[in-house]
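Asks: Quick one: structure below, then a few questions.
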Amino acid sequence: MKKIETEIKYFAYVRKSSEGQERQALSIPAQKEKINKMFPSLNIEFIEEEKSAFKPYNRPGLESMLQRMEKGERNGLIAYHPDRLSRNEIDASAITYRVRKGFIFDLKFATYHFENNPEGIWMLQMALSQSQYESAKKGRDVKRGLEMKAKMGWRPSGAPIGYRNTPGKEKGFKTIENDPERFPLVRRMWDLMLTGNYSVPQIINMTREWGLTTVQHRKIGGKFLNRSYVYKNVFTNPFYFGWFEYKDKDTGKMIWQKGEHEPMITREEYDRVQEVLGRRSAAQPKRHHEMAFTGRLMRCASCESSITAEPKVKRCKNGNIHSYVYYHCTRKKNPDCTERSIELKELNRQVIELLDGITISEKFKAWAIKNLHEVRVNEADAHDVVLKKKHKELETTDNQLEGLLLKFTSPQNANSDIISTSEYQTLKEQLLKRKNALESELNDKGKEIEQWMELSERTFNFACYARAWFENGDNATKRSILACLGSNLVLKDQKINVQLHPFFLSIFENKKSLTSTGVPARTSENPDTERQKGTFVPSRHTWLRG
């Protein structure tokens with residue numbers, strides 16, 4: 001036998017895949033060491049490959065080796081284990097076929113004894129089939145585990161930037177938590193986008209100044225953010241407001257699931273950013289955007305082109321020089337647009353006039369906030385009643401889900417006599433949808449009052465000081481103040497028009513209402529009449545809707 005072995009030239013095929021199912025297999029150097037130790041006297045040429053064997057036609061190294069064996073270059077084959085050669089039916093038959101035809105005269109394994117006879121080939125087929133079965137079973141088990149994890153509210157994949165997979169837990173039991181280093185920085189990115197004053201490239205440049213990078217893994221990560229990554233993985237990712245999508249293994253449908261992780265933003269904030277992205281998709285930042293009101297902040301009412309600023313210098317005969325800045329339509333969408341330009345001083349005057357309409361005194365601000373706290377106390381009982389009702393409805397829905405499952409799995413329903421699979425799936429989806437909606441409402445209800453109080457206080461602070469901030473602030477401050485006033489800012493007939501946010505509109509309308517009914521609009525004094533209080537208080541409902 002030793003004489004025969006010395007006449008045979010061998011290929012030794014060693015393979016290592018980074019696929020999850022094979023990460024625990026021996027490394028290529030370890031396999032080579034085992035083979036050299038067991039067969040020290042053989043003429044061996046090693047073929048190394050780092051590819052998955054789960055799918056056929058995926059390993060050029062194996063295919064090239066088998067072709068060379070058919071040409072007679074070598075006629076012996078060594079592998080550490082049968083599963084290194086194949087984990088699918090196609091490759092397994094390619095090996096056994098060449099053994100029967102004599103292209104593979106001798107086949108050796110470091111962990112398995114093979115004899116080249118009909119019984120040996122049959123045992124080899126069994127070993128290769130076992131490898132394929134274990135591979136398929138592991139794949140099915142992994143998919144089932146990932147789906148179960150998703151149904152529990154944990155995204156079954158890597159956490160997006162700002163979050164991390166819990167580092168101290170074993171694989172399969174990991175959840176998602178805030179990344180203490182990156183979470184506040186990514187939230188800051190959203191805040192900047194929500195102002196409407198910054199483009200995505202500008203925000204990316206800021207993240208580089210902050211030192212924000214993706215998480216470093218073994219082979220990837222640790223890089224600065226780029227435009228494609230931010231668009232795809234951050235600003236259009238529903239995960240940040242608490243939801244994710246996964247594929248149901250039975251139906252193949254994509255299903256939305258409410259996550260158990262802490263949302264970074266609200267659904268409303270996410271929707272607002274999508275509007276900003278849609279508005280910004282085609283345009284690029286211009287070099288003169290340092291002007292306070294240029295770019296995407298305002299648009300032309302007639303043709304919807306953006307507004308640009310153009311400096312003008314007038315030299316007088318007496319030697320004096322006067323500088324002006326004119327804002328006008330860029331005419332990109334309509335070269336024949338007839339809207340006229342407006343001088344910066346006049347534009348500033350119109351903005352101050354808008355701010356005057358919502359300006360309140362410090363005394364009024366203090367009174368308003370005090371009154372809001374009283375309203376909050378008075379509504380606490382009503383809020384508790386709503387919460388209890390929602391909790392009761394959620395409990396009922398949970399009981400219905402449990403009852404539906406018991407009915408579907410009962411012995412009496414073995415032949416779908418009580419409820420069919422399709423009916424069960426439909427009812428289950430309806431109940432899960434209702435459950436998710438109730439949980440979302442309860443989560444929002446718990447924060448609603450605090451958010452309303454915070455919004456109210458910020459609103460009154462803005463109304464009290466916005467004019468002073470505008471008159472004394474830089475261009476960035478002026479842009480922010482104008483953006484905060486509302487949406488749909490346009491220039492029409494040399495006049496600025498803005499759709500005030502509901503909370504500012506409420507102040508503006510109530511001031512007009514007090515004046516028109518003969519009551520002094522004491523927004524500049526202390527409002528001490530019940531009539532003023534009655535006019536002011538209902539406006540809080542408008543803010544909640546806005």
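Asks: Sorted by average packing, counted as other Cβ atoms within 10 angstrom per residue and highest first, what order do 216-223, 401-408, 196-203 take?
Replies: 196-203, 401-408, 216-223
Asks: Over all directions, the average projected area of the alpha-carbon convex hull for the stretch 383-436 comes to how many nm²?
Replies: Over every viewing direction, the Cα hull of the stretch 383-436 projects on average to 3.7 nm².
Asks: To continue, here is another question. What residues qualify as long-range amide H neighbours of residue 501, i.e. H under 5 Å apart, gap of 5 or more or another chain, H built at 1.01 Å from N?
Replies: Close amide H contacts, sequence-distant or interchain: 486, 487.
Asks: Related question: Using all alpha carbons of the stretch 387-505, what is the percent of pairwise distances in each 10 Å bin, ordered from the shortest bin to the longest?
Replies: 11, 23, 17, 14, 14, 12, 7, 2
Asks: Additional query: Through the Karplus equation 6.51 cos²θ - 1.76 cosθ + 1.60, θ set to phi - 60°, convert the phi angles of the stretch 257-265 into ³J(HN,Hα) values in whole Hz; use x for Gly and Pro.
Replies: 3J(HN,Hα) across the stretch 257-265, in whole Hz: 9, 6, x, 8, 6, 7, x, 7, 9.
Asks: Moving on. Can you give the three extents of the C-alpha atoms in the stretch 163-280 along their principal axes, from longest to shortest, in whole Å?
Replies: Here the spans come out as 44, 32, 23 Å, largest first.
Asks: Also: Pop out the ³J(HN,Hα) list for the stretch 181-186 in order, Karplus 6.51 cos²θ - 1.76 cosθ + 1.60 with θ = phi - 60°, rounded to Hz; leave Gly and Pro as x.
Replies: Those phi angles translate into 7, 9, 3, x, 6, 5 Hz.
Asks: Right, next: Per 5 Å bin, what percent of the C-alpha pairs of the stretch 177-226 does each bin hold, from zero upward?
Replies: Cα pair-distance distribution for the stretch 177-226, in percent: 5, 19, 28, 25, 15, 6, 2, 0.
Asks: So how do 424, 13 line up by other beta-carbon neighbours within 10 Å, fewest first?
Replies: Placing the least packed residue first, the sequence is 424, 13.
Asks: Quick check: pseudo-label points 7 Å beyond the Cα along Cα→Cβ at residue 51 and residue 326, how many nm apart are they?
Replies: 6.8
Asks: Evaluate the distance, in nm, between pseudo-label points positioned 7 Å from the Cα of residue 209 and of residue 166 along their respective Cα→Cβ axes.
Replies: Output for this residue pair reads 3.8 nm.
Asks: For residue 176, list long-range residues whose amide hydrogen, built 1.01 Å from N in the peptide plane, is under 5 Å from its own amide hydrogen.
Replies: 166
Asks: With a 10 Å Cβ neighbour count serving as the proxy for reagent exposure, in which order, fewest first, do 458, 68 appear?
Replies: Final ranking by Cβ density, sparse to dense: 458, 68.
Asks: Same structure again: Kindly write out, for the stretch 44-50 in residue order, the coupling ³J(HN,Hα) from the Karplus curve 6.51 cos²θ - 1.76 cosθ + 1.60 (θ = phi - 60°), rounded to whole Hz, with x marking Gly and Pro.
Replies: 10, 10, 7, 10, 9, 8, 10
Asks: Here is a further query. Based on Cα positions only, what radius of gyration and what Dmax would you give for the stretch 299-356, in angstroms?
Replies: According to the Cα coordinates of the stretch 299-356, Rg and Dmax are 14.1, 41 Å.
Asks: Taking the Cα-to-Cβ direction at residue 415 and at residue 122 and moving 7 Å from each Cα, how far apart do the two end points lie in nm?
Replies: 4.2
Asks: How much length would be gained if the chain were fully extended between residue 406 and residue 253, taking 0.36 nm per residue of separation minus their Cα-Cα distance, in nm to one decimal?
Replies: Contour length minus the Cα-Cα distance gives 52.7 nm.
Bear in mind these aren't lab numbers, they're just calculated from the coordinates by the rules spelled out. Because the structure is a prediction, the values reported are computed rather than measured. Here Cβ is always computed from backbone atoms with ideal geometry, including for glycine, and neighbour counts include all displayed protein chains.
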